[in-house]
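Beneath this line is the structure, given in structure tokens, with notes to follow.
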Amino acid sequence: MALCTDQQLAPRVWAGMVARSKADRGFASAVDAAALAVLEAKDRAGLLPR
């Protein structure tokens, strides 16, 4: 999960993560695992729509 509190910087942070994910399979796997962990935690907390 990425956290950026600067709204002007956020698009560059996102673009950098996407670019690195495309170039680095290990990084892409870490991003996927982190996203899944967040979704699973939200599901356990009942925060996802059904």
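Numbers at a glance
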item: Length released on extending from Arg25 to Leu9, taking residue separation times 0.36 nm less the Cα-Cα span; result: 3.3 nm
item: Coarse-grained scattering of the chain at q = 0.16, 0.19, 0.23 Å⁻¹, given as base-10 log I(q)/I(0) from a Debye sum over alpha-carbon atoms; result: -0.59, -0.75, -0.89
item: Magnitude of the charge dipole, the chain, Cβ model with Lys/Arg +1 and Asp/Glu -1, debye to 20; result: 80 debye
item: Zone residues, region 24-49, relative to Met1, backbone N less than 14 Å from point 7 Å out along Cα-to-Cβ; result: 33-48
item: Rounded to 10°, Cα long-axis angle of helix 25-44 versus longest principal axis of the chain; result: 30 degrees
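All of the numbers you see were taken from the coordinates with simple rules; none came from a lab. Just so we're clear, the structure is a prediction, and the values are computed from it rather than from any experiment. Note that each Cβ is placed from the backbone with ideal geometry, even for glycine, and that neighbours are counted across all protein chains shown.
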